[in-house]
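Here's the structure we're looking at; comments come further down.
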Amino acid sequence: MTNKPTSRRAAARAPKHSAGERVRLAAFGVTVLAVLAVGGWLAFGDFLTRPAAAVGAIDIQSSMAGFTPSTIHVKAGSTVTLDWWTQDAAMHLQGGVHTMIAPDLGLYETLPAESSRTINWTVPDKPGMYDVYCDSCCGGKDSPTMHGKIVVEPASATLAGPALG
Ligand SMILES: [Cu+2]
């Protein structure tokens with residue numbers, strides 16, 4: 001006398017997805033991929049489309065959010081290369097440009113809409129922390145958002161941030 005309860009129980013336990021469940025699982029997978037793709041594009045879109053910075057240069061973006069990064073470190077007396085770029089359209093910018101103004105450091109530069117430019121700048125031998133601002137968009141000098149900092153380190157110092165010198 002034989003019975004086979006084991007195989008019957010195994011069959012009952014085996015996962016069996018109905019067609020409806022398979023469609024729901026597939027839809028879930030597609031949704032997850034779509035969310036990841038959109039999130040990735042939002043997070044990294046700028047990196048994919050922006051111009052590549054030259055090796056050793058300081059990459060600076062101007063946008064409606066101000067300068068990115070908002071603080072840079074440079075060495076007193078050194079000559080640094082700033083790779084400055086923006087994706088903003090001219091209609092958002094006074095005179096069609098972003099500006100980079102640091103009166104104490106002798107900086108007064110302009111950047112046309114949707115462009116990039118390289119500035120070779122000899123940092124004055126004046127260690128300290130200086131204000132830099134854009135005066136041609138989003139409220140300009142009066143808007144805290146449009147201000148950044150340039151930290152001029154003594155020539156002998158070890159630089160803390162992204163820097164050159
Ligand atoms: Cu600006």
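Coordinate-derived values only; no laboratory data. Source: prediction; values computed, not measured. Here the Cβ positions follow ideal geometry from the backbone for every residue, glycine too, while neighbour counts run over all protein chains shown.
With 10 angstrom as the radius, rank 104, 88 by how many other C-beta atoms surround their C-beta, starting from the fewest.
Working: 104 13, 88 20.
Exposure proxy ranking, most exposed first: 104, 88.
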(message) Show me, for segment 80-90, the HN-Hα J-couplings you get by feeding each phi into the Karplus relation (A = 6.51, B = -1.76, C = 1.60, θ = phi - 60°), rounded to Hz, glycine and proline as x.
(response) 10, 10, 9, 9, 10, 8, 8, 10, 6, 7, 4
(request) List the residues whose amide H sits under 5 Å from the amide H of residue 75, counting only those 5 or more places along or on another chain, with H placed 1.01 Å from N in the peptide plane. (result) 153, 164
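To the nearest 20 debye, what charge dipole does segment 58-153 have about its Cα centre, counting +1 at the Cβ of each Lys and Arg and -1 at the Cβ of each Asp and Glu? Intermediate results must be reported in sequence, preceding the final value.
Working: 5 positive and 11 negative charges, 20 e Å.
Computed charge dipole of segment 58-153: roughly 100 debye.
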(message) If the reach is capped at under 19 angstrom between alpha carbons, list the aspartates and glutamates near residue 75, excluding any in the same chain fewer than eight residues apart.
(response) 59, 83, 104, 125, 131, 153
